[in-house]
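In what follows, a structure is listed as structure tokens, so that the remarks can point back to it.
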């Protein structure tokens, strides 16, 4: 089931607004995948970016959440496809993995990220000693993830229209 796409309140505290925009962008990712065939979910339509498929983007966002909140912020070990040097963009290599599974893994990762975000103040900085980006505050990471998710939601919007003409703002 696609999460609701609801904008945050016009007047609310900073955390509520940041999380509200983040949740809406995450929900758009699910919305853009609704009714998509497996073939289309894995179809490459951008010649210069063959791994940027609908399924590839979902996988990328799952691993990006893990990187920023678990690895960089909490300092957990840097594991997963985004930390391998070759092949480039390994987190988008998802041939043979059903879109439903990728969406479920993304949803599970979002839940882990939400727990981390809820348990820490926005001013707290990351802890991983091996990555300079860990020096960012949770606030910075959260704003970055809103931007990252929204940017890829835009990619998905264009890809979906190329695939089957599907359109919709949110």
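Taken together, the values in this text are just the output of simple stated rules run on the coordinates, not laboratory data. Given the structure is predicted, the values throughout are model-derived calculations rather than measurements. Backbone-built Cβ (ideal geometry, glycine too); neighbour counts: all protein chains shown.
By the count of neighbouring beta-carbon atoms within 10 Å, fewest first, 65, 148, 86 end up ordered 86, 148, 65. The long axis of helix 14-33 is offset from the longest Cα principal axis of the chain by roughly 20 degrees. Sort the stretch 49-113 into rounded, prolate or oblate with this rule: let a ≥ b ≥ c be the square roots of the eigenvalues of the Cα gyration tensor; rounded if a/c is under 1.5, and if a/c is not under 1.5, prolate when a/b is larger than b/c, oblate otherwise. Cα axes put the stretch 49-113 in the oblate bin. Helix 54-65 versus the longest principal axis of the chain: what angle, 0 to 90°, nearest 10, using Cα atoms? Once rounded, the angle reads 10 degrees.
The shape of the chain comes out oblate: with a ≥ b ≥ c from the C-alpha gyration tensor, a/c is at least 1.5 while a/b does not beat b/c.
Can you tell me, using C-alpha contacts under 8 Å and at least 6 residues apart, the relative contact order of the stretch 1-76 as a whole percent?
Relative CO of the stretch 1-76 lands at 20 percent.
The listed peptides 116-122, 56-62, 93-99, ordered by packing as a protection proxy, come out as 56-62, 93-99, 116-122 (highest mean of other Cβ atoms within 10 Å first).
Going from the fewest other Cβ atoms within 10 Å to the most, the residues 84, 45 appear in the order 84, 45. Fully extending the segment from residue 100 to residue 11, taken as 0.36 nm per residue of separation minus the present Cα-Cα distance, adds 28.5 nm.
Rounded to the nearest 10 degrees, the angle from helix 138-164 to the longest Cα principal axis of the chain is 0 degrees. With neighbours defined as other Cβ atoms within 10 Å of a residue's Cβ, the residues 157, 79 order from fewest to most as 79, 157.
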